[in-house]
1. How many residues are more than 23 Å from the chain's Cα centre (by Cα) and among the charged types (D, E, K, R) if we restrict to the range 279-331?
2. Residues 218, 186: which one is more than 19 Å from residue 104 (Cβ to Cβ) and under 15 Å from the mean Cα position of the chain (by Cα)?
3. Residues of the range 97-139 being in contact with a Ser or Thr (Cβ under 6 Å, 6 or more places away or on another chain) and either outside any helix (DSSP H, G or I) or on the phi > 0 side of the Ramachandran plot (or both), which ones?
4. Which condition from (1) of a type in the set (Lys, Arg); (2) assigned to a helix (DSSP H, G or I); (3) in contact with a Ser or Thr (Cβ under 9 Å, 6 or more places away or on another chain) is the one that residue 196 breaks?
5. Could you check residue 135 against (1) at pLDDT 80 or above; (2) more than 30 Å from residue 209 (Cβ to Cβ) and say which number it fails?
6. Inside the range 281-294, can you point out the residues that are surrounded by 14 or more Cβ atoms within 10 Å (Cβ to Cβ) and not polar (S, T, N, Q)?
7. Kindly establish whether residue 223 is in a helix (DSSP H, G or I) and either within 16 Å of residue 115 (Cα to Cα) or in contact with a Leu (Cβ under 8 Å, 6 or more places away or on another chain) (or both).
8. Take the range 221-250 and flag every residue that is within 21 Å of the chain's Cα centre (by Cα), surrounded by 13 or more Cβ atoms within 10 Å (Cβ to Cβ) and of a type in the set (A, V, I, L, M).
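The values are calculated or read from the model by the stated rules, or taken from the named source; none is laboratory data. Just so you know, these numbers come straight off a predicted model, no measurement behind them. Here the Cβ positions follow ideal geometry from the backbone for every residue, glycine too, while neighbour counts run over all protein chains shown.
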Amino acid sequence: MNDTPGWTSPGSAPSDGQDGSGVPRPTTPGDVNDSAPQWSKDQPPAGQWSPPTAPVPGQASGPQPGPGYGGRPPYGNWGRPPAAKPGAIPLRPLGMGEILDGAVSTMRTYWRTVLTITVTVAVISQTADILVQRFLAPTPPELNSDATPDEALAQLGDSLQTSLIASIPALLILIMATLVSAALLTVVISRAVLGRPVSLGDAWGEARPRLLQLCGLTLLLPLMSAGIMFVALLPGLLVGSVAGGLLVGLGALGGLAVVIWLMVRFSLASPALMLERQGVITSLKRSAKLVQGSWWRIFGITLLTQLILFLVALIVAVPFAIIAYAVDGGGFDSLLSGSTPEFGWPFLIVNGIGGVIISAITYPISAGVTVLLYVDQRIRREALDLELARAAGLPGYGPAPGEPATGS
């Protein structure tokens with residue numbers, strides 16, 4: 001097992017087609033001090049326990065049965081003890097609610113470190129975005145309401161071109177902010193699973209060596225998506241006319257489906273890169289292997305998470321947008337007159353504050369769900385819960401990494 005933030009090297013595991021016989025299991029009475037098993041050879045058949053009968057009057061009663069005999073078993077309907085929970089999640093396969101709860105629980109328990117990361121990254125990114133919009137973004141072209149159809153089409157093209165040029169710096173800033181926050185939050189969440197505290201300095205020390213590779217991975221996925229969409233749209237663009245328009249529509253739908261499929265398939269590459277210290281291509285292959293057979297489940301959890309975050313962002317953004325229009329009279333007047341609005345500093349600053357609040361809420365939940373999905377898939381496929389229990393120092397799972405074995 002590796003040191004934190006990763007818990008175990010990917011190596012040979014049940015997901016690689018092996019039987020998992022090398023995975024350590026909790027010790028049993030027969031394992032103590034290398035002695036022979038002490039269980040009796042004469043064991044009752046499984047599932048044949050029956051509740052004790054009522055004592056006959058005048059007959060001496062024997063020892064009272066323990067809580068595991070008859071009726072409801074002491075640990076729930078399945079008769080097994082509850083999973084250990086040293087940190088944010090129980091160490092067993094997780095449900096969708098537990099994944100969301102684990103992400104929120106991490107944000108609540110480690111709020112100082114989480115808010116320091118998200119607020120710092122959000123303030124820097126929002127400040128850069130405001131400066132870009134104020135000084136570097138081109139002025140939107142004026143739209144003429146009396147323009148002919150050809151002129152209106154040309155104005156629409158100019159407007160789209162201006163919007164695209166203005167969005168490129170903002171997109172790059174967003175990618176860098178997401179990259180840094182995701183790297184640091186991955187370390188925080190990996191420690192939260194084990195119930196261990198982590199400071200901002202610890203998170204930065206763990207994440208810094210992986211930032212360059214994570215940057216490559218973060219840039220590779222959008223470029224891959226853009227390339228797929230370009231190939232899907234190219235035939236329709238070359239044909240032109242009405243038939244070309246239909247081909248463009250079909251190509252857009254097909255390309256979008258392929259992009260969504262690939263993004264889900266590679267959605268666990270980032271935590272694999274950070275926690276297993278893998279390269280970019282190896283992390284992509286690792287994610288594809290973990291997602292295999294669970295694509296629809298991961299897609300559903302990811303989609304639900306993004307919908308929740310969208311609603312949260314909308315709830316926060318709308319009031320700040322109203323306030324921003326109210327304090328910036330020029331932008332509000334332009335909006336009422338139908339001309340292209342020109343927003344001043346008040347509008348940009350108020351919207352920037354709203355953006356910081358949105359980022360402080362959504363970044364940790366999004367990163368938490370991704371990392372916990374990765375942990376859940378490894379628990380299901382590779383018995384990572386046993387390695388996590390050992391790393392957390394729970395009794396009955398062998399010595400934690402770095403500790404001498406009993407009797408050595």
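1. Residues of the range 279-331 more than 23 Å from the chain's Cα centre (by Cα): 318-331.
Checking which are among the charged types (D, E, K, R) leaves us with 328.
Summing the residues that are more than 23 Å from the chain's Cα centre (by Cα) and among the charged types (D, E, K, R) in the range 279-331 gives 1.
2. On the way: 186 fails: more than 19 Å from residue 104 (Cβ to Cβ).
The conditions single out 218.
3. 138
4. (2)
5. Looking at each condition in turn, residue 135 falls short on (1).
6. Across the range 281-294, the qualifying residues are 284, 285, 286, 288, 289, 290, 291.
7. Working: in a helix (DSSP H, G or I): yes; either within 16 Å of residue 115 (Cα to Cα) or in contact with a Leu (Cβ under 8 Å, 6 or more places away or on another chain) (or both): no.
Here the answer is no, as residue 223 does not meet what is asked.
8. 221, 224
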